[in-house]
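Written out below as structure tokens is the structure these notes cover.
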Amino acid sequence: MNSSSTHVVCPQCGATNRLPTDRLGDDPSCGRCSAALLDGQPVELTDANFEAVTRRTELPVLVDFWAPWCGPCRMMAPAFAQAASQLKGRALLVKVNSDDNPQTAARFGIRSIPTLVRLQQGQELRRQSGALPASQIVALAS
């Protein structure tokens, strides 16, 4: 990661945005489509955009593999959103519905959900299965 700027890929249009590192917490938007990039909310990714967003974004990316029918996933969702807010501008928290995105779930060998996977430019660094409180989610992303 360059000390003066950081690349963040827009999950909406796929554009790579170069952002001043000291302004990452200032609600940057995509230069191409104006979508919010780092607004402190979890971002939904799909099989179609997962690779581009996670490989080319220079911030740490924490992926929540989940499904709508999963009770522990639904219980953890508010904590994941709280962690995203706390990590605004320092990490990108994304959600992947493992039922709707089987290629990405299979690539990571997801066997139980929720499973959190910490990535750095597409490379897996850590993994944790099971519902976690916000404080542990923040620690995993850091």
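The values are calculated or read from the model by the stated rules, or taken from the named source; none is laboratory data. Bear in mind the structure is a predicted one, so any value in this text is a computation, not a measurement. All Cβ positions, glycine included, derive from the backbone under ideal geometry; neighbour counts span all protein chains shown. Keep in mind that these areas ignore ligands, DNA and RNA; they rest on the heavy atoms of the full protein, side chains included. Shrake-Rupley method; radii C 1.70, N 1.55, O 1.52, S 1.80 Å.
From the Cα trace of the stretch 90-132, what convex hull volume per residue do you get, rounded to a whole Å³? List each step's numbers first, then the result.
Details: hull volume 3.7 nm³, N = 43.
Per residue, the Cα convex hull of the stretch 90-132 comes to 86 Å³.
What number comes out for accessible area per residue over the chain if the probe is 1.4 Å? Units Å², please. Walk me through the numbers on the way to the answer.
Numbers: 6870 Å² over 142 residues.
Counting only protein heavy atoms, the per-residue value for the chain is 48 Å².
Taking the C-alpha atoms of the stretch 18-97, how large are the radius of gyration and the largest Cα-Cα span, Dmax, in Å?
Rg and Dmax of the stretch 18-97, Cα atoms, are 13.0, 40 Å.
Determine the shape class of the stretch 67-142: with a ≥ b ≥ c the square roots of the Cα gyration tensor eigenvalues, call it rounded for a/c under 1.5, and otherwise prolate if a/b is greater than b/c, oblate otherwise. Before the final figure, lay out each step's value.
On the way: a/c = 1.78, a/b = 1.18, b/c = 1.51.
Cα axes put the stretch 67-142 in the oblate bin.
How much net charge surrounds ALA131 when only other residues with a Cβ under 15 Å from its Cβ are counted (Lys, Arg +1; Asp, Glu -1)?
Numbers: positive: ARG74, LYS95, ARG127; negative: ASP64.
Net charge in that neighbourhood comes out at +2.
Please give the calculated 222 nm ellipticity per residue for the chain, where each DSSP H segment of at least 4 residues contributes -39500 (n - 2.57) and the sum is spread over every residue; nearest 500 deg cm²/dmol? Provide the component values of the computation, followed by the final result.
Details: 4 runs with 37 residues, N = 142.
Counting only the DSSP helices, I get -7500 deg cm²/dmol.
Before anything else, pin down the relative contact order of the chain: Cα pairs under 8 Å, at least 6 apart, normalised by residue count, whole percent. Don't skip to the answer; put the middle values down first.
Numbers: 296 pairs, mean separation 37.3, N = 142.
Relative contact order here is 26 percent.
If one puts a single equal scatterer on every Cα of the stretch 1-63 and applies the Debye formula without solvent, what log₁₀ I(q)/I(0) results at q = 0.20, 0.26, 0.27, 0.28 Å⁻¹?
After summing over all Cα pairs, the log10 values are -0.73, -1.26, -1.36, -1.45.
Calculate how steeply helix 71-86 sits against the longest principal axis of the alpha-carbon atoms of the chain, using the helix alpha-carbon long axis, and give the answer as 0 to 90 degrees to the nearest 10.
With rounding to tens, the tilt is 20 degrees.
Once fully extended, how much extra length lies between ASP99 and ALA67, figured as 0.36 nm per residue of separation less the alpha-carbon to alpha-carbon distance? Present the calculation step by step, with values, prior to reporting the outcome.
On the way: separation 32, 0.36 × 32 = 11.52 nm, distance 0.62 nm.
That works out to 10.9 nm of additional length.
What full-extension length gain, to one decimal in nm, is calculated for ALA139 and ALA35 as 0.36 nm per residue of separation minus the Cα-Cα distance?
Details: separation 104, 0.36 × 104 = 37.44 nm, distance 2.74 nm.
Extending this stretch completely gives an extra 34.7 nm.
Which residues in the stretch 103-142 have a backbone N closer than 14 Å to a point placed 7 Å from the Cα of GLN86 along the Cα-to-Cβ line?
Output list for this probe position: 132-142.
Could you calculate the contour length gain from ARG18 to GLU51, that is, 0.36 nm times the residue separation minus the distance between their Cα atoms, to one decimal place in nm? Mind showing how you got there, number by number?
Working: separation 33, 0.36 × 33 = 11.88 nm, distance 1.81 nm.
Stretched out fully, the ARG18 to GLU51 stretch lengthens by 10.1 nm.
Taking all protein chains in place and a 1.4 Å probe, what share, in percent, of the accessible surface of the chain do carbon and sulfur account for?
About 48 percent, which is the carbon plus sulfur part of the accessible surface.
Which net charge results when you count Lys and Arg as +1 and Asp and Glu as -1 among the other residues whose beta-carbon is under 14 Å from that of ASP100? Working shown, then result.
Values: positive: LYS95; negative: GLU44, ASP47, ASP64, ASP99.
Neighbour charge sum, excluding ASP100 itself: -3.
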